[in-house]
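Presented below is the structure to which this report refers.
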Amino acid sequence: MTGVQTCALPILAGDSRGHYFTTAQVNGVSMQFIVDTGASAVTISADNARRARIDYSNAPKGLMQTANGVVAAYRVKINTVTLGGITLNQIDGIVMEGNALGAHGLLGMSFLSRMDMKREGDLMTLTKRF
């Protein structure tokens, strides 16, 4: 093959409520995510940040209102986020303390804005734009 690089496109199946769940890797560590176009950034728990070796101790801190109340949140840069055959670098992220996220992080617009999202029925295909 001559210089043509192919990668597996992520194809996600929606659940009965239209939510899309997936597994992605943050700095090589697998995590569960909800695809969330309403979230401005990829958002993970403090526990997952530690697993992915993201040091947020000196990151800009703020407060975020969640369904579970107000929690401390830190703005970070995530080295890599990989979904299927797509890897993006230097992604804006948010680390949230406490249990506000539950078991899933949010795959937000800092990742999704660099994708074309195509829906057919309950399937969503993501293609890297840039």
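The values are calculated or read from the model by the stated rules, or taken from the named source; none is laboratory data. As the structure is a computational prediction, the values presented were derived from the model and not from experiment. Ideal geometry is used to build each Cβ from the backbone, glycine not excepted, and the neighbour counts take in all protein chains shown. We work out accessible area using only protein heavy atoms, side chains counted, and drop any ligands, DNA or RNA first. Shrake-Rupley method; radii C 1.70, N 1.55, O 1.52, S 1.80 Å.
Couple of notes before you dig in:
- When residues in the range 29-51 are screened for being in contact with a strand residue (DSSP E or B) (Cβ under 7 Å, 6 or more places away or on another chain) and either more than 21 Å from Ser113 (Cβ to Cβ) or polar (S, T, N, Q) (or both), 8 of them pass.
- Residues that are under 18 Å from Pro10 (Cα atoms) and in a strand (DSSP E or B) were ranked within the range 72-90; the one that is most open to solvent (accessible area, probe 1.4 Å) is Asn89.
- Condition met for Asn99 (open to solvent by 40 Å² or more (accessible area, probe 1.4 Å) and either outside any strand (DSSP E or B) or touching a Leu at 6+ places or on another chain (Cβ under 7 Å) (or both)): yes
- Subset of the range 15-43 that is in contact with a Leu (Cβ under 7 Å, 6 or more places away or on another chain), part of a strand (DSSP E or B) and at pLDDT 90 or above - its residue that is nearest to Val81 (Cα to Cα): Ala24
- Matching entry among Asp55, Asp122, Asp36, Asp47 (being among the charged types (D, E, K, R) and crowded, with 16+ Cβ neighbours inside 10 Å): Asp36
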